[in-house]
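The values are calculated or read from the model by the stated rules, or taken from the named source; none is laboratory data. Just so you know, these numbers come straight off a predicted model, no measurement behind them. Note: ideal-geometry Cβ built from the backbone for every residue, glycine included; neighbour counts use all protein chains shown. To get the accessible areas, we keep the full protein, side chains included, count just its heavy atoms, and leave off ligands, DNA and RNA. Shrake-Rupley method; radii C 1.70, N 1.55, O 1.52, S 1.80 Å.
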Amino acid sequence: MKRKIGSVFLSVVIASAVALAGCSDTSSKSEGANETNTVTLQVWGDQGNQSVTEQGFKKINEIFMKNNPGIQIDFQYTGTLETIDTAVKANSLPDVFYVQGNKTPKMDLYVKSGALLPLDDYKLDTSRYPKEAIEYGTVDGKLYTSPPSFMDSQLMFYNKEIFQEYNLEVPKTFDEFVKVADTLKSKGITPVAMPGKDAWSRLWIAFSLLPALGNDALQAVNHGKGDFSDPGIVKAFQTIRDFADQGYFSNNLGSVDTAGAQLAFTNGKAAMIADGTWNNSTYESSMSNLGRFYIPGTDGKKTAPQSLSNLMTYAASANTKHPKEAAEYIKFLASQEAQQIFATETGAVPIIDDIKPKDEGVKEMAAYDSLGDNIYTVLTNVSTDEVKLTDIFLEEVMPKLLTGNMTGQEAAETLNAALAKTK
């Protein structure tokens, strides 16, 4: 499996201005330290992903404590972007907590404020990781978090029974992908369930199409060496417009929300849906005939849009009274042993070849030729405080493409006009 990682998805972070009620001290308590020499580390897990990660971390923590009898882990799902941001400001961080790395500007700000413990002196083994994963947790040349070992992406989920009924195969080229949609429409089957009502979920089709048709151009834009006039980018935008015009998306898509689109897909009313890897378990729980594929390019290459996952990326407070123990815990999270446990329990999609996918479904989500740029990440990177291309894409370009009020060329010109204002 080739691994070529592009830019990572840049999240939008809302900093809390409210003091954190009941926040812990800046370091953990050493329960009975004088008698037993046992250190208790307080760890904040990602509250928003508790249902996904809880079983995995339970097993990871049990094994870590068994191997390190002098360290107890008090793992609490207390971490949110707001509580961590507030704890940084109040100098009341736990010993260890999850961070999003360079997905957001926050880790850089935390480092600049002196809140994070540099990990270089604690000899984390980073030899298994691609350079982009190391860069994810690095600020000014120093590593501050366990590197990411999993990723999120957007791809096409499909109904295998519908494909079999109409003698359709997973497309090997972009033209075959369009032909599959043509055939389904001619048979009276909605090709793609589309949540046109939801501003975020309706982006997944664009996220899936753009790396397939214009990844080199996206990379050029991301590095300040190109714009959105590339034929591949224009073709991706025009495909969205054409699919909407030809009825390949859900009927009355402007009134279809995410739940409605997902239900249409799981009930067999639509043959495909563009969605994130994080929703794989949602579909698996509702259907036994689920398949997955990345939209291939015109050359057949499968380029997966990606965002490095923060599910196992943890940092330590600079003020912890137990830096050595905190670093040992982070080192374990960075190990193949812990990551294999996590992969088996959660079904996360690995970016490292020595992590075995949980099942055949995860293998399909890891079946790509390379990882490519995410259009939203690129737009974020080239935006300024005054000109936010992300908002233009989210609130103007996608709605107009889906309603037939903008062509692919016009979409590219709209983004180029905004890009020119950032120079």
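In a DSSP loop and with at most 14 other Cβ atoms within 10 Å, the trypsin sites (Lys or Arg not before Pro) in the range 132-194 are Lys172, Lys187. Cross-link check: pairs Lys172/Lys235; Lys112/Lys225; Lys185/Lys358 evaluated at a Cα-Cα cut-off of 27 Å; pairs beyond the cut-off: Lys112/Lys225; Lys185/Lys358. Restricting the calculation to alpha carbons of the chain gives Rg and Dmax of 22.6, 76 angstrom. For the chain, averaging the sequence separation of C-alpha pairs within contact (under 8 Å, six or more residues apart) and dividing by the residue count gives a relative contact order of 26 percent.
Can you give the relative contact order of the range 128-204 as a percent, counting alpha carbon pairs under 8 Å and 6+ residues apart? Provide the component values of the computation, followed by the final result.
Working: 35 pairs, mean separation 12.2, N = 77.
This gives 16 percent for the range 128-204.
At 4 °C and 1.567 mPa s, what whole-number value in µm²/s does Stokes-Einstein give for the translational diffusion of the range 321-389, with Rh from the Kirkwood sum over Cα pairs? Don't skip to the answer; put the middle values down first.
Values: Rh = 15.1 Å.
D, rounded to a whole number, is 86 µm²/s.
Checking the cross-link pairs Lys131/Lys400; Lys363/Lys400; Lys103/Lys356; Lys123/Lys321; Lys301/Lys363; Lys160/Lys363 against a 28 Å limit on the alpha carbon distance flags Lys131/Lys400; Lys363/Lys400 as lying beyond it. Run through the range 152-244 and list the GluC sites (Glu not before Pro) located in a DSSP loop whose Cβ has at most 10 other Cβ atoms within 10 Å. Taking the range 152-244 and a limit of 10 other Cβ atoms within 10 Å, the loop GluC sites (Glu not before Pro) found are Glu169. Modelled label positions at Glu62 and Lys179, each set 7 Å beyond Cα in the direction of Cβ, lie 5.1 nm from each other.
The orientation-averaged projected area of the convex hull spanned by the Cα atoms of the range 34-133 comes to 8.2 nm². Of the residues Lys269, Lys388, Lys225, the one that moves most in a GNM of the chain with alpha-carbon contacts below 10 Å is Lys225.
In Å², and per residue, what accessible area does the chain have when probed at 1.4 Å with the other protein chains present? All intermediate terms of the calculation are to be shown ahead of the outcome.
Details: 17880 Å² over 423 residues.
With the other protein chains kept in place, the chain gives 42 Å² per residue.
So what's the net charge close to Leu116: Lys and Arg +1, Asp and Glu -1, counting the other residues with Cβ under 15 Å from its Cβ? With Lys, Arg at +1 and Asp, Glu at -1, the net is -2. Rg ratio for the range 218-269: its Cα radius of gyration over 2.2 N^0.38 Å, N being its residue count, equals 1.60.
Taking the Cβ of Gly291 as the centre, find all other residues whose Cβ is under 12 Å away and add up their charges (Lys, Arg: +1; Asp, Glu: -1). Walk me through the numbers before you get to the answer.
Numbers: positive: Lys160, Arg292, Lys363; negative: Glu161, Glu169, Glu284, Glu360, Glu364.
Net of charged neighbours comes to -2.
Element breakdown for the chain at a 1.4 angstrom probe: carbon and sulfur atoms account for 47% of the accessible area.
For a quick check of your reading of the filter: which GluC sites (Glu not before Pro) in the range 376-410 sit in a DSSP loop and have no more than 10 other Cβ atoms within 10 Å?
Values: sites: Glu386, Glu395, Glu396, Glu410; in loops: Glu386.
Answer in residue order: Glu386.
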